[in-house]
1. Can you give the convex hull volume per residue for the Cα atoms of the chain, as a whole number of Å³?
2. At each listed q (0.15 Å⁻¹), what is the log10 of I(q)/I(0) that the Debye formula gives for the stretch 439-566 modelled as equal alpha-carbon point scatterers?
3. What does the extension gain come out to for Asp362 and Glu463, with contour length at 0.36 nm per residue minus their alpha carbon separation?
4. Report the trypsin sites (Lys or Arg not before Pro) located in the stretch 347-417 that are in a DSSP loop and have at most 13 other Cβ atoms inside 10 Å of their Cβ, or state none.
5. Taking the mean number of other Cβ atoms within 10 Å as a proxy for protection, how do you rank 562-568, 408-414, 215-221 from highest to lowest?
6. Whole-Hz ³J(HN,Hα) for each residue in the stretch 213-228, computed from phi via Karplus 6.51 cos²θ - 1.76 cosθ + 1.60 with θ = phi - 60°, x for glycine and proline: what do you get?
7. Quick one: net charge of Ala112's neighbours, Cβ under 13 Å, K/R +1, D/E -1?
8. Which distance in nm do the two modelled labels at Thr436 and Cys165 give, with both placed 7 Å along the Cα-to-Cβ direction?
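The values are calculated or read from the model by the stated rules, or taken from the named source; none is laboratory data. No experiment lies behind these values; they were computed from the predicted model shown. A quick note on method: Cβ atoms are made from the backbone with ideal geometry, for glycine too, and the neighbour counts reach across all protein chains shown. These area figures cover heavy atoms from the full protein model, side chains too; ligands, DNA and RNA do not enter into them. Shrake-Rupley method; radii C 1.70, N 1.55, O 1.52, S 1.80 Å.
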Amino acid sequence: MSAPLPLRNIAIIAHVDHGKTTLVDQLFRQSGTFRDNQRVEERAMDSNDLEKERGITILAKCTSVEWDDHHGQTTHINIVDTPGHADFGGEVERILSMVDGVILLVDSSEGAMPQTKFVTGKALALGLRPIVVVNKVDRPDERIQEVLDEVFDLFVSLDATDEQCDFPVLYASGRNGYANEDPTMREGTLTPLFEKIVSHVPAPAADVDGPFKFLVTLLDRDNFLGRILTGKVQSGTIKVNSPIHALDRDGNVVETGRASKLMAFRGLERVPVDEARAGDIISIAGLTDATVANTICDPAVTEPLYAQPIDPPTLSMRFAVNDSPMAGREGSKVTSRMIRDRLEREAESNVAIKITESADKDSFEVAGRGELQLGVLIETMRREGFELGISRPRVLYGQDDNGGRTEPYETVVIDVDDEYSGTVVEKMAIRKAEMTDMRPSGGGKTRITFTAPSRGLIGYHGEFLSDTRGTGIMNRLFDKYGPYKGAIDGRPNGVLISNCAGEAVGYALNMLEERGVLFVRPQDKIYEGMLIGENAKPDDLEVNPMKSKQLTNFRSTGKDDAIRLTPPRIMTLEQAIAYIDNDEMVEVTPKSIRLRKALLDPHERKKAGRKKEMA
């Protein structure tokens, strides 16, 4: 057996958009992972379309580089890219158990943000000692010293030990590919970062001679290999086709089988290997039922490894078969069986999602970490050809020890121009949020911190962007379950509901403009019960968007043939889900997003309204 290379396992923590994936690109380039003539996409780690479009990391991914120092010593560095958003936090906690060190990447202007706090808190609790990299030091609005003070304060507030607070700092520009210990230097390579990883991060504490044990931290599917379980080998060695079994957290055997394929990470590729040793991060194929937090081990082992419990889901939505009059026209996957199979496949690889089927078998309750996580799932499904009816998100309530109702709370950090801070505070107060901190953050901006029930934040983001003219930044983070806050006012305006089916007519829409804001254009297909606009008043109003002009023999003197309509409000998927009320749904197809009443027939709606009043 060849002697193993010196090994380091690290995770990179950063807030959304602080440049983590760009830095990893440069680590690849400078370690020789890519050939000189190899065509490489920018942000190579953002592998799926949604990640590329939104510029955020959704899935945790493993990769590796091999770095040669000047003394001819090669070190194999496994790098885990973590999602920066708390909605995908189901991934984060478990991933950190695979690594022995973390790089905390902070923007030289924005500083430590709440999502950074979420992951950093988990890392410090596991005893990891971070390397702090202040990224984007070439920004004209950098404030490096203040940002370092903020990071230190963050560590202290997260109960870091003295050893963790004494962190090494590098000043980098991921885009330009340099890192230095001197904050004034603006050139060089990432060699100081590689050297710091090798010197500061300990090698994995691994027992090579013990029995084989491996904790599953990531789950993936492959059409040929089936379930692929990724994690770190805690002890022993494993060879291809070795007998193994899977234990759950209580030590019960989940299944027995063989390791039909072992794969290690080399750059962006998964490469088959014949054997793996303690400390390696690998993927195993061959088991069908084992899942995240299970221990895969030698059949002689009966004690499972400790696995981090997974935070509970806080939000749920109903995914129903599309039953609108236009069902089946734009999508290829419309039956409940197809939707069920797809959701089960998702739940298999995404542990933060729970699925329950309704009694009528036509809809599914999907519970997850937040609107963004479920929105990404719906967007992915619609791109695959699914048609769905989606209900308004509901929070999942809990109970305290005395039987009282509890609900999830979030910490909300808002950066906003000074002139809009009053509006934000007022709007958040309506949503039962409590302000915990307010301070100027420089450059005419104020940073306000709230603790708010998740229920009140559903649908607020769009309104927040309008109130702050698109300049505000809002960051949310699940905090705890707290006492139920009582009723929260819903949407202040009613909607305009179509009372007929066909194509919208410009003449009718022109007449309806004075009633409120329209969601449809002329020639758009509409049906009875579909929402075609927002009423300026609080009540719902049924209207006819197909009324055309009476044609007569008389010429009118007015020039009324040129109708000028205001452009309609076209909503994205997230905006539509946040906008609807409890008695409404979003119809999602590969080509369209339509808003509608859950009950399309006006008589049925009246009946349901009367029942609600009597109750």
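1. 207 Å³
2. Those come out to -0.88, one per q.
3. 33.1 nm
4. Sparse-neighbourhood loop trypsin sites (Lys or Arg not before Pro): Lys361.
5. On the way: 562-568: 10.6, 408-414: 22.9, 215-221: 20.6.
Going from most to least packed, we get 408-414, 215-221, 562-568.
6. Result, ordered by residue: 9, 8, 9, 6, 10, 9, 10, 8, 10, 10, 5, 9, 9, x, 6, 10 Hz.
7. Every neighbour counted, the sum reads -4.
8. Computed distance between label sites Thr436 and Cys165 equals 2.0 nm.
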